[in-house]
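Worksheet: the structure to be examined is printed underneath.
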2 protein chains.
Amino acid sequence: MNERSSKSLSGSLAFGSEHNHSLCIEEALDHAKRVCEEGGERFTNLRRQVFELVWAEHKPVKAYDLLSALASKRSGVAPATVYRTLDFLQAQGLVHRLESLNAYLGCSHPETDHQGHFLICENCEEVRELELGAFMQSIAAVEDAQDFRVRRMTIELFGLCKRCQAANSGPDPTLP
Amino acid sequence: MNERSSKSLSGSLAFGSEHNHSLCIEEALDHAKRVCEEGGERFTNLRRQVFELVWAEHKPVKAYDLLSALASKRSGVAPATVYRTLDFLQAQGLVHRLESLNAYLGCSHPETDHQGHFLICENCEEVRELELGAFMQSIAAVEDAQDFRVRRMTIELFGLCKRCQAANSGPDPTLP
DNA sequence: TCACGTGATGTTATAATATAACAATATGTG
DNA sequence: CACATATTGTTATATTATAACATCACGTGA
């Protein structure tokens, strides 16, 4: 993949008050355009619109919510429109699907060839994307021990982010 | 069929020709009964039937396939019947849901309090359940590095099992 | 025993998620 | 421009899951 920078889209993971989300989206858009150009794919109007909607927040978005949002921006929007476009964006590595949530999320580490791995806060719904490195070693060990060759994976960790741990200190009432 | 193994459900992971699946199911049933008794829950006819159907193969089963199979054994079977029963079995830790497949699988490690983690062969569909241990350290490291407290997780690794790596040329002709 | 409360199951309806199949349109290339 | 192909529009339907309420079954205490 592109080696221009080894950094994530800048600021995309710093969701504090200083996070400049307009800039964040703009960078993501620039990146998407470049990825498509380099892959000989067209970053059409529809694809850009869906991409922008996915990036509107740093939270997973449901396909049918995208559908509604998209329908307010253009006509002739049907489920297939959204799913096809999401499929395209996923194929370009620009968007991930969260299997546990049936939802989609803009990729925060687009510079590296990777699969998404996620920390999902059960309280505030914020999702943080991890680099694969964290699990590399465990996965290698599992492959070795089990004679299994891993080709792709779904890793989604649910829990409490730092902020929500602070807010919910003490026993969590939602626990079983 | 009537020989007893002293090991919990350990035979269930040896899916070779020596795997005694009748015994495997029988053990799983015994275990399920015990879990329910100990938890003050009833292992009713319906629950037993669904449990047996989930255990019929060591492969993930779709809810609506269970529905059909169940409908051939009793009357008055509707989606809610199956989903409610699966929810119950999951709550007892007797069955896992595979998020990436929208499918369900009998738990192979019922003796330990755990969450399921899976190796899923893309060729033969066989699923192997892992113990959490394999990922413990990585998860602890992620929690530490990210200030995140993990409470539950979905870990599903897709690839090729040992047999299918060896056989590996094109799709398995015995598959549907 | 039997009425009662609760948990389990039956039943109907509908929500939420996703894909198939084909038609129409747009785009780049010769 | 004409053509081939990618993209999008359109209609229909498949798949997965839950809501809401009725009925049944089981254990408990009067």
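Annotations
- Taking residues in the range A:134-156 that are within 7 Å of chain B (Cβ to nearest Cβ), and partners anywhere that are loosely packed, with under 12 Cβ neighbours inside 10 Å and not small (G, A, S), the pairs with Cβ atoms closer than 9 Å and at least 6 places apart or on different chains are A:S138/B:M136.
- The range B:32-71 - residue that is away from DNA strand D (no atom under 13 Å from the Cβ) and more than 25 Å from B:E125 (Cα to Cα) and, of those, surrounded by the fewest Cβ atoms within 10 Å (Cβ to Cβ): B:E38
- Pick from the range B:1-51, criterion over 27 Å from B:G76 (Cα atoms) and of a type in the set (D, E), ranking: modelled with the lowest pLDDT: B:E3
- From the list A:E129, A:E125, the one residue that fits, being more than 7 Å from chain B (Cβ to nearest Cβ), under 16 Å from the mean Cα position of the chain (by Cα) and on the phi > 0 side of the Ramachandran plot, is A:E125.
- A:A69 being more than 14 Å from chain B (Cβ to nearest Cβ) and more than 10 Å from DNA strand C (Cβ to nearest atom): yes
- Within the range A:76-116, being open to solvent by less than 50 Å² (accessible area, probe 1.4 Å) and among the hydroxyl-bearing types (S, T, Y) holds for A:T81, A:T85, A:S100, A:Y104, A:S108.
- Only one of A:L160, A:L130, A:L119 that is modelled with pLDDT under 95 and surrounded by 18 or more Cβ atoms within 10 Å (Cβ to Cβ): A:L130
- Tally, over the range B:72-87, of residues that are of a type in the set (A, V, I, L, M, F, W, C), more than 9 Å from DNA strand D (Cβ to nearest atom) and touching a residue at least 12 places away in the same chain (Cβ under 8 Å): 0
The values are calculated or read from the model by the stated rules, or taken from the named source; none is laboratory data. What you see is a predicted model; the values in this text were computed from it and never measured. Note that we place each Cβ from the backbone using ideal geometry, even for glycine, and neighbour counts take in every protein chain shown. Calculation scope for accessible area: heavy atoms of the full protein, side chains included, ligands and nucleic acids excluded. Shrake-Rupley method; radii C 1.70, N 1.55, O 1.52, S 1.80 Å.
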